[in-house]
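Q: I have a structure I would like to understand better, so I am pasting it below and will then ask my questions one at a time.
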Amino acid sequence: MTTASKTGFELSRRRFLQGAGGLTFCIAIGTDGIRLISDAQASAARTINSWVRIAPDGVVTILSAGAEMGQGSMTSLPLIVAEEMDADWSKVAIEWAPADAGVYGYTMGGNRLMAIVGSRAVMLYFDQLRIAGAQVRKVLLANAAQKWGVDAASLRTEPGFVVDPASGRRMSYGEIAGFGSVPATLPTVERSELKEKSQYRLIGKSVPRRDIPAKVNGTAQYAMDVRLPNMVYATARHSPVHGGSPEGWNADKVNAMRGVLGTVRLPDGVAVIADSLPHALAARGALEVAWKPGPASR
């Protein structure tokens, strides 16, 4: 026996996208934890570059490409952006970046990648995110200078504000987002324009991770918490030897188990599909697979 399935099970890419398309909210993590932001709220904010949106109420949304695996990457990457743009960290909301390596990836070996491995997220993204933050700061300074009719070089920033030292005037980032514009071509940033280490307000300081409260109080949402229409679950039994493949398995017995929708041959294993994760795991435990040895078995 090779592949067995039960009638009625079909989860195509189109059906998955149709279900996911009904989720009209994005998730942001602020100082008050994780919250849902409607499309209307997100669109009210002014997008400065791929990484930063600023709302008229002063909330700065910074996207994070850091998959959180315990090192604090999800917090530390937006913090780098916030440092260079002089954002008020108490008004920063963190949103996960789309899986688009062309936009949100780092460059390694001539390729754009988003893999967060080896505790190297900060190292891989540091320069790129500093430039992104400095770019936002330049756009804010230019808008404030135009509003006040002064040279942008005469202005400076403080967390969440553009300041005119000559007159004492201050303008919040939220105010600028309300009237400002973003040039079609974003300003370039020279390395000499980035902050010196002695100027850091956030980097190198003790800053609480944003993901901790939700993980402690049990409200954190994980991939296994996702529920979509007609959603099913799969788990796999892989060859015990690298390069091995399944010759056959006890499909009839496994298919008869509660909640099981079918089994699928993989190049190096057998997948079980069921209506719940517990049912899938139970069926995987009942699999009896005859393996074809691979080259590594010699």
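Read-outs throughout are calculated quantities, based only on the coordinates presented, and are distinct from any laboratory measurement. None of the values given here were measured: they were computed from a predicted structure. Please note: Cβ atoms are built from the backbone with ideal geometry, for glycine as well, and neighbour counts cover all protein chains shown.
Q: Of the listed peptides 187-198, 257-268, what is their order by residue-averaged count of other C-beta atoms within 10 Å, with the highest listed first?
A: Answer by packing, highest mean first, reads 257-268, 187-198.
Q: Which whole-Hz ³J(HN,Hα) couplings does the range 235-243 yield from phi under the Karplus relation 6.51 cos²θ - 1.76 cosθ + 1.60, θ = phi - 60°, glycine and proline marked x?
A: Residue by residue, the range 235-243 yields 8, 10, 9, 9, 4, x, 10, 4, x Hz.
Q: For F126 and H238, FRET efficiency with R0 = 45 Å and r from the beta-carbon atoms, rounded to 0.05?
A: The formula returns an efficiency of 0.80 here.
Q: Ok, one more. Taking the simple approach of a point 7 Å from Cα along Cα-to-Cβ for both E247 and L186, what is their distance in nm?
A: About 5.7 nm separates the two model spin labels.
Q: OK, next. From the phi angles alone, apply the Karplus equation (6.51, -1.76, 1.60; θ = phi - 60°) to the range 158-173 and give each ³J(HN,Hα) in whole Hz, x where the residue is Gly or Pro.
A: Going residue by residue, I get 10, x, x, 9, 9, 10, 9, x, 5, 10, x, 5, 9, 9, 6, 4 Hz, with x marking Gly and Pro.
Q: Quick one: order Y222, Y125 by neighbouring beta-carbon count within 10 Å, fewest to most.
A: Lowest to highest Cβ neighbour count: Y222, Y125.
Q: To the nearest whole percent, what portion of all C-alpha pairs in the range 62-111 is separated by more than 15 angstrom?
A: 50
Q: Here is a follow-up. Which of the lysines could a cross-linker span from K205 if the Cα-Cα distance has to be under 20 Å and same-chain partners fewer than 8 positions apart are dropped?
A: Of all the lysines, those that pass the test against K205 - Cα under 20 Å, at least 8 places apart if same chain - are K91, K195, K197.
Q: Could you calculate the FRET efficiency of L277 with S206 from 1/(1 + (r/R0)^6), where r is the beta carbon distance between them and R0 is 35 Å, rounded to 0.05?
A: With R0 = 35 Å, the Cβ-Cβ based efficiency is 0.40.
Q: Follow-up question, since we're still on this one. Using a cut-off of 10 Å between beta-carbons, work out the net charge of the residues near E288 (Lys and Arg +1, Asp and Glu -1, E288 not included).
A: Spelling it out: positives minus negatives among the neighbours equals +2.
Q: Moving on. What are the ³J(HN,Hα) values, in whole Hz, obtained from phi via the Karplus relation 6.51 cos²θ - 1.76 cosθ + 1.60 with θ = phi - 60°, for each residue of the range 104-113 in sequence order, with x given for Gly and Pro?
A: 10, x, 8, 9, 9, x, x, 10, 9, 10
Q: Could you size up the charge dipole of the range 31-217 around its Cα centre, putting +1 on the beta carbon of Lys and Arg and -1 on that of Asp and Glu, and report it in debye to the nearest 20?
A: The dipole of the range 31-217 has a size of about 220 debye.
Q: I would also like to ask the following. By counting other Cβ atoms within 10 Å of each Cβ, how are T47, T235, T185, T75 ranked from fewest to most?
A: Details: T47 14, T235 17, T185 6, T75 20.
So the ranking, lowest neighbour count to highest, is T185, T47, T235, T75.
Q: Here's something else I'd like to know. For I212, I54, I176, what's the fewest-to-most ordering of other Cβ within 10 Å of each Cβ?
A: Ascending number of Cβ neighbours within 10 Å: I212, I176, I54.
Q: Using a 7 Å offset from the Cα along the Cα-to-Cβ direction at both L194 and A153, what is the distance between the two label points in nm, to one decimal?
A: Going by the 7 Å Cα→Cβ label model, 2.3 nm.
Q: Starting from the amide H of T235, placed 1.01 Å from N in the peptide plane, find each other amide H under 5 Å away whose residue is 5 or more places distant or on another chain.
A: Here the answer is V272, since their amide H atoms fall under 5 Å of that of T235.
Q: If you don't mind, another one. Need one number: nm distance between label points at N230 and L266, each 7 Å from Cα along Cα→Cβ, rounded to one decimal.
A: Those two pseudo-labels are separated by 2.4 nm.
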